[in-house]
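Peer 1: Right, I'll just put the structure down here and ask away after.
Just so you know, all these numbers are worked out from the coordinates, no wet-lab data involved. None of the values given here were measured: they were computed from a predicted structure. Note that each Cβ is placed from the backbone with ideal geometry, even for glycine, and that neighbours are counted across all protein chains shown.
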Amino acid sequence: MMKKYYFENIKFDPKIQFKIEKTLLQMDFSLHSHVDFSELVIIVSGSAKHLFNGTYYNISRGDIFILNKDSNHAFYEVNNLELYNIMYQANEYLDHMDSIKELLGYQALFVVEPLIRRKIAEKSMTRLDLPTFLFILNNIEQMSHEFNSEKPGYDIMIRGYFKQLVVSLSRYYSDHFLEKNTVWYFSNVLSHIEKNYTNPLQLEELAAICHLSKRQFQRSFKDYFQITAYDFILQKRIEKACFLLQESTLPITEIALSCGFNDANYFSRLFKSKKSKTPHAFRLHPKHNNERPLV
C-alpha cells in the first residue's frame, strides 16, 4: 500500500508552514504521496530512477521537479542521491503572489508541467546548467541556514529567498525549456487568466491562444486540469475575494466588483455555494476558513 504523507506529520515549522531539509539517500525510497502540501526538489549529487506520477525518469545533479498536492513518487536504483526537499503550503507561499503567477515560466514549471507531464509523454526532468545550478544551490543553502538557525526575522528571510527561488526557476524554464508545445500553449492560457481574471473573459479568446476550437479547448482544459476553464476562472475570482475579505477592510460590494463580479448579490450567492458561508461570515471568522490552493 502506498504511504501517504500529510503536512502535519513532517515536523514542519508551524510559524511559517514550511520545511527544508538536505537528505542523502543510499537505498530506494518506496512509493508515497503528498496529500496536502507541495514540494520542490533539487538534486545536488548522485543519481537514481525517479518514479513520478507513474512515469520513470533518470535523475542526477541539477534536476529539479515540483510535486504539488496529491502527487506520488519514489526513488529506485539509488546511487548516493543527495537532494534538497523544500516543503510548503502553496496557499501560504504562492497563492497571492500575483505578479509571479503572471510569469509564463511559473505557470509552465509550477502548474502545467506537473499536471500534464504523463499525458504529453515527457521523458526528462528540468535540468539546470552548471552556473544556474550553483546560483540556485546558494539560494537554497541560505534558505536552509535561516530555517535551521531561527534567528529573529528568519521567517521574513525565508519568504524572500523562496520568492527569489521561484522567480529564478521560472525565468530559467522560460528561457531554456519553453517551446511551442502543449505546455507552452496552456501556460500562456493560465498566464493570460492570471492577468485578466478580474475582467470579462471569453472562452473563444482562451481557445485562440492554443489555436484550438472552443470545443477542443474546453475538452483539453478539462482533461488536463480536471476542471472546466469557466469554473477555473470563477475559482480564481473567489480566491481573490477570500484574500481581500481577510486582508482588507473594503466593503463587500467593492470586493465583488474588483474580483470581476458585476452583481454583488450574485457574488454573495456564488461565494456561499463555494465556501458554505456568506462573505460576511467568512470575514468574521478567518481562523475557521482553512483556505487551500487552487492547484
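Peer 1: Is the shape of the range 44-87 rounded, prolate or oblate, going by the alpha carbon gyration tensor and its root eigenvalues a ≥ b ≥ c, with a/c under 1.5 for rounded and a/b larger than b/c for prolate?
Peer 2: Values: a/c = 2.10, a/b = 1.30, b/c = 1.62.
Oblate.
Peer 1: Let me ask something else. Using modelled backbone amide H atoms (1.01 Å from N, in-plane), which distant-in-sequence or interchain residues come within less than 5 Å of residue 45's amide H?
Peer 2: Close amide H contacts, sequence-distant or interchain: 82.
Peer 1: Using the Kirkwood radius built from alpha carbon pairs, what does the Stokes-Einstein equation give as D for the chain at 25 °C and 0.890 mPa s, in µm² per second?
Peer 2: Working: Rh = 20.5 Å.
Estimated via Stokes-Einstein, D reaches 120 µm²/s.
Peer 1: Two decimals is fine: what is log10 I(q)/I(0) at q = 0.12, 0.18 Å⁻¹ for the range 181-295, from a Debye sum with one equal scatterer on every Cα and no solvent?
Peer 2: The computed values of log10 I(q)/I(0) come out as -0.47, -0.91.
Peer 1: Going down the table (101/222; 15/236; 4/222; 101/214; 236/272; 195/236), which pairs top 18 Å between alpha carbons? Before the final figure, lay out the partial values.
Peer 2: Values: 101/222 20 Å; 15/236 26 Å; 4/222 26 Å; 101/214 25 Å; 236/272 15 Å; 195/236 11 Å.
Flagged as over cut-off: 101/222; 15/236; 4/222; 101/214.
Peer 1: Sequence-distant or interchain residues sharing an amide H contact under 5 Å with residue 57, placed H: which?
Peer 2: 50, 51, 52
Peer 1: Still on this structure: Kirkwood Rh, Cα Rg: Rg to Rh for the range 238-288? Kindly include the intermediate steps, with their values, before the conclusion.
Peer 2: Values: Rg = 9.6 Å, Rh = 10.6 Å.
Ratio value, two decimals: 0.91.
Peer 1: Stokes-Einstein D for the range 218-261 at 10 °C, 1.306 mPa s, Kirkwood Rh over Cα pairs, in µm²/s? Could the numbers behind the result be given before it?
Peer 2: On the way: Rh = 11.4 Å.
In µm²/s, the coefficient is 140.
Peer 1: Continuing with this model, one more query. What's the exposure ranking of 87, 1, going from fewest to most Cβ atoms within 10 Å?
Peer 2: Working: 87 21, 1 4.
Lowest to highest Cβ neighbour count: 1, 87.
Peer 1: Over the Cα atoms of the range 182-230, what radius of gyration and what Dmax do you get, in Å?
Peer 2: In Å, with Rg to one decimal and Dmax whole: 9.8, 25.
Peer 1: Could you give me the percent of Cα pairs per 10 Å distance bin for the range 143-198, shortest bin first, beginning at zero and ending with the bin that holds the maximum distance?
Peer 2: 21, 31, 25, 20, 3
Peer 1: Shape verdict for the range 3-174, please, from the Cα gyration tensor: rounded (a/c under 1.5), prolate (a/b greater than b/c) or oblate. Before the final figure, lay out each step's value.
Peer 2: Numbers: a/c = 1.34, a/b = 1.21, b/c = 1.10.
Rounded shape, in that the Cα axes give a/c under 1.5.
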